[in-house]
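Comments concern the structure below.
The values are calculated or read from the model by the stated rules, or taken from the named source; none is laboratory data. Bear in mind that the values here come from a model prediction, so they are computed numbers and not experimental data. Cβ placement follows ideal geometry from the backbone for every residue including glycine, while neighbour counts extend to all protein chains displayed.
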Amino acid sequence: MEKDVMYDIEDEASSADGSTERKVYEIGFHLIPTIADEHIAQKVSIIKEFIGDMGGFVISEGEPRTVQLAYPMSKVIANKKHYFKTAYFGWIKFEMAPLSVDLLKNKVQNSEDIFRFIIISASRESFAPVIRPLFRSVPRKREDTTSKKAAPAMTEQEALMTPEELDKTIENLIIE
């Protein structure tokens with residue numbers, strides 16, 4: 001399955017004339033969950049080395065954390081297809097020449113530890129992610145039952161009322 005990769009066409013067109021203008025990008029990636037926790041930092045440093053090898057430099061990063069995937073994803077490792085329901089998700093914001101992004105894409109795509117990634121054009125400003133709850137509970141108003149009058153019990157006469165008498169009684173109760 002081909003990896004998802006995006007970057008601005010304007011970036012490619014602006015650097016086609018040979019200019020060395022650098023752009024800011026962000027890579028989001030899923031690492032396979034079978035990596036031991038103590039080796040996660042090493043795997044992230046490999047991605048940073050890829051960025052450095054292409055002439056880029058890291059601006060900021062998010063430490064990988066375990067996430068539950070929306071659906072099982074697969075990765076072929078040593079000629080065997082493996083399915084994963086969780087992954088380590090991390091991101092790195094970096095600056096690089098637009099022509100080097102394609103080379104970075106190829107290196108990351110060939111990594112056995114990364115099974116999904118995306119590269120996007122980003123802004124240099126750092127925005128704090130807003131994590132919103134999936135469902136927001138609306139507090140219900142609770143009525144104080146101790147202060148209300150208890151409804152009087154129905155008599156036999158009220159139980160045998162005609163619809164007109166019942167309507168009249170209801171109107172009297174509402175007005176009070």
Sort through F84, F115 and tell me the only one that's surrounded by 20 or more Cβ atoms within 10 Å (Cβ to Cβ) and of a type in the set (F, W, Y).
F115
Candidate set: region 66-81, residues that are assigned to a strand (DSSP E or B) and not aliphatic (A, V, I, L, M); chosen: the one surrounded by the most Cβ atoms within 10 Å (Cβ to Cβ):
K75
Among the residues of region 31-52, how many are part of a helix (DSSP H, G or I), hydrophobic (A, V, I, L, M, F, W, C) and touching a residue at least 24 places away in the same chain (Cβ under 8 Å)?
6
Report whether or not V76 is under 16 Å from I114 (Cα atoms) and free of Cβ contacts under 8 Å to residues at least 24 places away in the same chain.
yes
Sole exception among (1) surrounded by 18 or more Cβ atoms within 10 Å (Cβ to Cβ); (2) modelled with pLDDT under 90; (3) of a type outside the set (A, V, I, L, M, F, W, C) for G18, by number
(1)
